[in-house]
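Please treat every number below as a calculation from the coordinates, not as lab data. It should be emphasised that the depicted structure is a prediction, and the values quoted were computed from it without experimental measurement. We place every Cβ from the backbone using ideal geometry, glycine too, and count neighbours over all the protein chains shown.
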Amino acid sequence: MMEPLDHFLQAATMAPSHHPTEDLLLAYAAGGLDEAMSLVVATHLALCPRCRAEVTRLEAVGGALIDDLAPAALGAGTLEAVLARLDEPSHDPIPLPVARRRPAGPAPVLPEPLRSYVGGDIDRIGWSRTIPGLEEADIVCGDRRRSRVRMMRIRGGMGMPRHTHHGNELTLVLAGGFADETGHFLRGDLAVTDPSIDHRPVADDDGDCICLAVTDAPLRLTGRFLRLLNPFLRL
Ligand SMILES: [Zn+2]
């Protein structure tokens, strides 16, 4: 049985063990993610040397591929394709976080680029209670009609209602941890859920679990009574 202090020290020093998929990293490296998805991947990268190295490698591969494309390869239809892309909603890709010298004092809970979106560290977040044991705060990022970005604070030991998803959800742990049917997630770990996953996350009991979550469609609660709460939860 791990002592709470050991658990804390392990969480504070360990590299993440749950990473974005290769497809997600590739889409990030190619600038193909919307701002919300880009924010959660970039914040994971700030905490994950392994994925930072992988994105650097993918960007180098992408650059080499573009250099190899001879102008003759751009055949008929290219202009139309470019013009069609101009009609798509655009966003400025969030750049890869750069390693900075750690300032004196305790390390912030929120790494960049998330900290800039919040306007400071965790104490700047205006939480509002959603259900007992769960507080949330929306973060303005990207197109809200397409995706919702929010911070979640789950009281230690608290279980969330069982739910599934219409779309995809990325949940990045920033403090504490949680476990569900798919694994145990600590600081820096990214949980990726899709409509096939029906899960009931439970926060570790050694402190609040603070996460950044991006959902690209509303969640659907699957518990018998919880379905009634659906319209009120805004989940
Ligand atoms: Zn990673």
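Taking label positions 7 Å along the Cα-Cβ direction at both residue 53 and residue 143, the computed distance is 3.7 nm, reported to one decimal. 3J(HN,Hα) along region 147-159: 8, 10, 10, 8, 8, 10, 10, 9, 4, x, x, 7, x Hz, from the Karplus curve 6.51 cos²θ - 1.76 cosθ + 1.60 with θ = phi - 60°, whole Hz, x for Gly and Pro.
Report the local net charge at residue 208: Lys and Arg +1, Asp and Glu -1, summed over other residues whose C-beta lies under 10 Å from its C-beta. That works out to -1.
Spin-label model, residue 162/residue 116: points 7 Å from Cα along the beta carbon direction are separated by 4.3 nm. Using a cutoff of 8 angstrom between alpha carbon atoms and counting only pairs six or more residues apart, the relative contact order for region 150-208 works out to 49 percent.
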